[in-house]
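The values are calculated or read from the model by the stated rules, or taken from the named source; none is laboratory data. Small disclaimer: the values here were computed from a predicted structure and weren't measured. Ideal geometry is used to build each Cβ from the backbone, glycine not excepted, and the neighbour counts take in all protein chains shown. Only protein heavy atoms, including side chains, enter the accessible area calculation; ligands, DNA and RNA are left aside. Shrake-Rupley method; radii C 1.70, N 1.55, O 1.52, S 1.80 Å.
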Amino acid sequence: MDEKILELQKFIDESRRIVFFGGAGVSTESGIPDFRSQDGLYKQKWKYPPETIISRTFFDHNPKEFYRFYREKLIIKGVQPNITHIKLAELEKAGRLSAVVTQNIDGLHQSAGSKTVYELHGSTLRNFCMNCGAPYDIDFIADSENAPDKIPHCTKCNAIVKPDVVLYEEGLNDSVISGAIRSIQEADMLIIGGTSLVVYPAAGLINYFSGKHLVLINKTSTNADTHADLVIHDSLGKVFEQIEVHPLKD
């Protein structure tokens, strides 16, 4: 076994309050494209730049074009949790991991069994009427392609239904941020994985960590590499498939 994997295993085995902070690289191995890689959404051509389309201003003024992009690129059905999601859920069940803080909106951590998950950017699985607050599932949004105007409308009041995702120009949820910060502050180990750490304010949350072990796992280098106790430049799946989960002993 690689020396870095052995060191990571040692860190995990001596920790009791691990927090995992993850980005798009966690879900790419489940077949969900990221935004900034060579094949990511930001490299593809649309009538408008993707960054513009998924902004609140664009949503308010051009919901039809927003949902055309959203349905095609952000609603991805049939995906399953991968080994990283599964191992993190096992670490939580074993009493070693206290929380997952994620920038992803796919709900795969919960599908794998994780209970304490702070979704910084919301979730495509939750959708609410902008007028009366009625909840709708992801299928309702997907099926809106068949609506006369291609926009999902509330069946109760006919107002537009909006995904519970944080668009550009919108602020993060206060309670989610507070929970994530508290978990990171109380952590004895922070594992950062699958993120380039360029999206703020989310990336700034790692500054609240003052525990014993800071680990970065990412295919490419990040601006936090020099601050970490251990840096592994590899895919998360290759790393986590080698990790053994040992329950805490009383």
Practice item. Kindly provide log₁₀ I(q)/I(0) values, in the same order as q = 0.08, 0.09, 0.13, 0.16 Å⁻¹, from the Debye equation applied to equal alpha-carbon scatterers of the chain. Key: -0.33, -0.41, -0.82, -1.17
Review point. Tell me, what is the per residue accessible area of segment 84-221 in Å², probe radius 1.4 Å?
Key: 44
Check your understanding: Put a dot 7 Å past each Cα toward the Cβ at ASN207 and LYS150; how far apart are the dots in nm?
Key -> 4.1
Study note, to complete from the structure: Simple spin-label estimate for VAL199/VAL79, 7 Å along Cα→Cβ, in nm, reads 1.1
Revision key, fill the gap. Descending packing, highest mean Cβ count within 10 Å first, for 141-147, 86-92 is 86-92, 141-147
Point to revise | Local electrostatic count at LEU88 - Lys and Arg +1, Asp and Glu -1, tallied over other residues with Cβ under 12 Å | key: +2
Study note, to complete from the structure: Net charge (Lys, Arg +1; Asp, Glu -1) of residues whose beta-carbon lies under 14 Å from that of SER175, SER175 excluded, is -2
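Roughly what % antiparallel, to the nearest 5, for the DSSP beta bridges in segment 182-250? Show your work: numbers first, answer last.
Numbers: 0 of 8 bridges.
That works out to approximately 0 percent antiparallel.
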Review point. For segment 189-241, what mean projected area does the convex hull of the alpha carbons give, in nm²?
Key: 3.5
Check your understanding: Helix 3-13 versus the longest principal axis of the chain: what is the Cα-based angle in degrees, 0 to 90, to the nearest 10?
Key -> 80
Review point. In Å, what is the Rg of the alpha-carbon atoms in segment 122-174, and how long is Dmax?
Key: 11.2, 36
Practice item. Using a cut-off of under 15 Å, list every residue of segment 154-173 whose amide N is near the label point 7 Å from the Cα of HIS61 along the Cα-to-beta-carbon line. Key: 168-169
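Carbon and sulfur atoms: what percent of the 1.4 Å accessible area of the chain do they account for? Provide the component values of the computation, followed by the final result.
Values: 6040 of 12350 Å².
Ligands and nucleic acids excluded, carbon and sulfur give 49 percent.
GLU244 to ASP139: extension gain in nm, 0.36 nm per residue of separation minus the Cα-Cα distance?
Details: separation 105, 0.36 × 105 = 37.80 nm, distance 3.67 nm.
That pair, GLU244 and ASP139, stretches by 34.1 nm at full extension.
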Exercise for review: Determine the gain in length on full extension of the stretch LYS47-ASN131; use 0.36 nm per residue of separation and subtract their C-alpha separation, reporting nm with one decimal.
Suggested key: 27.3 nm
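Looking at the chain only, what percent of DSSP beta bridges run antiparallel? Nearest 5 please. Don't skip to the answer; put the middle values down first.
Values: 8 of 30 bridges.
Close to 25 percent.
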**Study point:** From phi via Karplus (6.51, -1.76, 1.60), per-residue ³J(HN,Hα) for segment 143-159 in Hz, x at Gly/Pro
**Key:** 6, 5, 4, 8, 5, x, 9, 6, 10, x, 10, 4, 6, 9, 10, 6, 6
Study note, to complete from the structure: Expected vector for segment 71-78, Karplus 3J(HN,Hα) from phi with 6.51, -1.76, 1.60 and θ = phi - 60°, integer Hz, x for Gly and Pro, equals 5, 7, 10, 10, 9, 10, 9, x
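Could you put HIS121, HIS246, HIS109 in order of accessible surface area, largest first, with the 1.4 Å probe and the full protein assembly present?
Values: HIS121 35, HIS246 70, HIS109 5 Å².
Largest accessible area first, the residues go HIS246, HIS121, HIS109.
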Review point. DSSP loop GluC sites (Glu not before Pro) in segment 174-250 with at most 14 other Cβ atoms within 10 Å of their Cβ, which ones?
Key: GLU241, GLU244
